[in-house]
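*Asks:* I have a structure I would like to understand better, so I am pasting it below and will then ask my questions one at a time.
What follows draws every value from the coordinates through simple rules; no lab data is involved. Here the structure is a predicted model, which is why all the values come from computation and not from measurement. Cβ placement follows ideal geometry from the backbone for every residue including glycine, while neighbour counts extend to all protein chains displayed.
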Amino acid sequence: NENVSSNFIKNIIVNDLETGKHDSIITRFPPEPNGYLHIGHAKSICLNFGLAKEFKGKVNLRFDDTNPVKEDVEYVNSIKEDVKWLGFDWNNLFFASDYFDTMYEKAVLLIKKGKAYVCELTPEEMREYRGTLSEPGKDSPYRNRTVEENLELFERMRNGEFKDGEKVLRAKIDMSSPNINFRDPIIYRIAHSTHHNTGDKWCIYPMYAFAHPLEDAIEGITHSICTLEFEDQRPLYDWVVRECEMENIPRQIEFARLNLTNTVMSKRKLKQLVDEGITDGWDDPRMPTISGLRRRGYTPEAITNFCREIGVSKADSKVDSQMLDFFVREDLQPKAPLAMGVLRPLKLVITNYPEGQIEMLEIENNAKDETKGKRMVPFGRELYIEQEDFMEEPVKKYFRLFPGNEVRLKGAYFVRCNEVIKDENGNVTEIHCTYDPETKSGSGFTGRKVKSTIHWVEATTAKPCEFRLYEPLILDDAPENEGKHFLEQINPDSLEILQGFAEPTQLENAKVLDKFQFVRNGFFSVDTKYTTDDKLVFNRVVPLKSSFKP
Ligand code: ATP
Ligand code: MG
Ligand code: MG
């Protein structure tokens, strides 16, 4: 693929290997375990694991768990599962929290070099002292504390003598730097909370901007790939590596994050959707999480092909979510067995078909591809068809079933509608037809033609199924929602639940996450949460067609 073979990150790596800067590369994927991974993370995973594979290097899965408050082992486990499911394996699994001792030592080193100090400004004061883009900052009154004083105070911070927020450790760089990140950034803060890995050993925690470059350097990462918003932090990243006298010098490279239409892509927002009960957990099939996409029926191949197609660039953009659908269709088309399923059932009775008789029809799995084989489908006097395949008063150009009209039942016979049965409210409850035995599919019948073929399911042998159809969760392209908060852009009709039926033989051994192509209705996947022994629950992955082409 061109996008991949020519991306700018690869050019850097090729150059670093050719010039001998590195003999081999090490990349890392560094999620913070504060939520489930989403499709944006998939892009980063494909990139980091993909580069390591292509250049025969190594890749670390590193949990960037330096913030004790929001992190949880549930997230750690889900992240491991999701990376594996996408088809990747790491060379090493690390926790940034395992480096807390080293990070503390490095902070002490900075103090000793006169490059860090303990500050007691309040957050408001600190913001004020920091200045703005057009205005230089001013020095904190604590900036010129002696090394001894700083060492003692930092030690006492560590020993738990102060409350959260009372003191911080700041790097001593340059309060008038045009790069605001250089204006004495905070590198350690006090947080009296239990950490999922280190328990209560620490009550001070390193800030991301200090911790991340150290983590990369400790692991010998050669190319540290992150998203564009960290571009301004690169000088600070390099400062930390240099001033902490790290042996390995990693290089930070930024690329544009993935944004998708009709969804939100930040763990914080996704967590809000879960916590407020707007979705049915992190793996709700409407979520852009890896686990949600998996439960919906997306495949690792579809996701990785999508990530390859969008490529890596330096320019932020928003990708149409239909592009992901294109790739899952392309992947499922040859893989998912064909079956007939009726989503909104209407009873059809063939009055001239013997009562109690079931005949097994042999139906081709793919009319265009014999190698896909055939399957046996029961046929009988009572069937279900789609409600939309019948109209009592047909509109113009409606060629499906209506009183007096004849259609083909897919793989079976012609039927003609003779009578419409209604309940006391006038709703159609059954339609009565006659069939013509001469017209059996495959018999070579050419006597007359019909204009349409509809699918069906034999009623007495049908498998009861629940079909769950999805629409976008977030209507961010709706004009009336423009500029609104994402919680006000929620689509109230993102889930439709239908009780229908499907042909039995093909679904005989269907198990969770099995995929099927239901004739005319789309690709479906067996749900992991609601499927029971009595009832298969299907998530519609995507409808069959879309006008979208990448
Ligand atoms: P979020 O805002 O969704 O929580 P994050 O960047 O804070 O995302 P991390 O767990 O810190 O999440 O991210 C792990 C890695 O995944 C980082 O290297 C980050 O740059 C990358 N990443 C996160 N979101 C995206 C995205 N939308 N597109 C590409 N890469 C992403
Ligand atoms: Mg983060
Ligand atoms: Mg974030």
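*Asks:* Which chymotrypsin sites (Phe, Trp or Tyr not before Pro) in the range 106-150 sit in a loop by DSSP (not H, G, I, E or B) and have at most 11 other Cβ atoms within 10 Å of their own Cβ?
*Replies:* Numbers: sites: Tyr117, Tyr129, Tyr142; in loops: Tyr142.
Sparse-neighbourhood loop chymotrypsin sites (Phe, Trp or Tyr not before Pro): none present.
*Asks:* Please list the non-local residues whose amide H lies under 5 Å from the amide H of Asp436, H modeled 1.01 Å from N, same-chain partners needing a gap of 5 or more.
*Replies:* Close amide H contacts, sequence-distant or interchain: Phe414.
*Asks:* In whole angstrom, how far apart do the alpha carbon centroids of the range 124-154 and the range 384-415 sit?
*Replies:* Computed from Cα coordinates, the inter-centre distance equals 79 Å.
*Asks:* Between the range 327-342 and the range 225-272, what is the C-alpha centre distance in whole Å?
*Replies:* 38
*Asks:* Can you list residues whose amide H is under 5 Å from Tyr188's amide H, if they're 5+ apart or on another chain and H is modeled 1.01 Å from N?
*Replies:* When sequence neighbours closer than 5 places are left aside, the close amide H contacts are Leu169, Met207.
*Asks:* Compute the signed sum of charges (Lys and Arg +1, Asp and Glu -1) over the other residues within less than 15 Å, Cβ to Cβ, of Gly160. Present the calculation step by step, with values, prior to reporting the outcome.
*Replies:* Numbers: positive: Arg156, Arg158, Lys163, Lys167, Arg189, Lys201; negative: Glu152, Glu155, Glu161, Asp164, Glu166, Asp200.
Around Gly160, the surrounding residues sum to 0.
*Asks:* What is the helix-to-structure angle for 321-332, meaning the angle in degrees between its Cα long axis and the longest Cα principal axis of the chain, kept from 0 to 90 and rounded to the nearest 10?
*Replies:* The angle comes out near 60 degrees.
*Asks:* Counting DSSP beta bridges with both partners in the chain, what percentage is antiparallel, nearest 5? Display every interim value, and only then the final one.
*Replies:* Working: 57 of 86 bridges.
Antiparallel bridges: around 65 percent, rounded to the nearest 5.
*Asks:* List the GluC sites (Glu not before Pro) within the range 447-485 that DSSP assigns to loop and that have no more than 16 neighbouring Cβ atoms inside 10 Å.
*Replies:* Glu482
*Asks:* While we're here: Enumerate the amide H contacts of Phe95 below 5 Å, restricted to partners 5 or more residues apart or on another chain; note that Pro and chain-start residues carry no placed amide H.
*Replies:* Under 5 Å from the amide H of Phe95 lie the amide H atoms of Phe63, each far enough along the sequence or on another chain.
*Asks:* Still on this structure, I have one more. Between the alpha-carbon centers of the range 501-550 and the range 56-120, tell me the distance in whole angstrom.
*Replies:* 40
*Asks:* From the phi of every residue in the range 59-66, what ³J(HN,Hα) in whole Hz does the Karplus formula 6.51 cos²θ - 1.76 cosθ + 1.60 yield, where θ is phi - 60° and glycine or proline is x?
*Replies:* 9, 9, 9, 10, 7, 8, 9, 9
*Asks:* Provide Rg and Dmax in Å for the chain, with only Cα atoms included in the calculation.
*Replies:* So, for the chain, Rg and Dmax equal 30.9, 102 Å respectively.
*Asks:* Here's another thing I want to ask about it. Dividing the alpha-carbon radius of gyration of the range 135-265 by 2.2 N^0.38 Å (N being the number of residues), what value is obtained? Write down the numbers at each step before the final one.
*Replies:* Numbers: Rg = 17.0 Å, N = 131, 2.2 N^0.38 = 14.0 Å.
The reported ratio for this selection is 1.21.
*Asks:* Of the GluC sites (Glu not before Pro) in the range 68-103, which ones lie in a loop per DSSP and count no more than 11 other C-beta atoms within 10 Å? Working shown, then result.
*Replies:* Details: sites: Glu71, Glu74, Glu81; in loops: Glu71.
For GluC sites (Glu not before Pro) across the range 68-103 that sit outside H, G, I, E and B with at most 11 neighbouring Cβ atoms in 10 Å, the list is empty.
*Asks:* With θ set to phi - 60°, apply the Karplus curve 6.51 cos²θ - 1.76 cosθ + 1.60 along the range 259-265 and write out the HN-Hα couplings as whole Hz, x wherever there is a Gly or Pro.
*Replies:* 10, 10, 6, 6, 7, 10, 9
*Asks:* Right, here's the next one. Take the Cα gyration tensor of the range 413-514, multiply each eigenvalue by 5, square-root it, and list the three semi-axes largest first, rounded to whole angstrom. Mind showing how you got there, number by number?
*Replies:* Working: eigenvalues 317, 83, 57 Å².
They are 40, 20, 17 Å, listed from largest to smallest.
*Asks:* Along the range 269-281, what does the Karplus equation 6.51 cos²θ - 1.76 cosθ + 1.60 (θ = phi - 60°) give for ³J(HN,Hα), rounded to whole Hz, x for Gly and Pro?
*Replies:* The phi angles translate into 6, 5, 5, 4, 4, 6, 4, 8, x, 6, 10, 8, x Hz.
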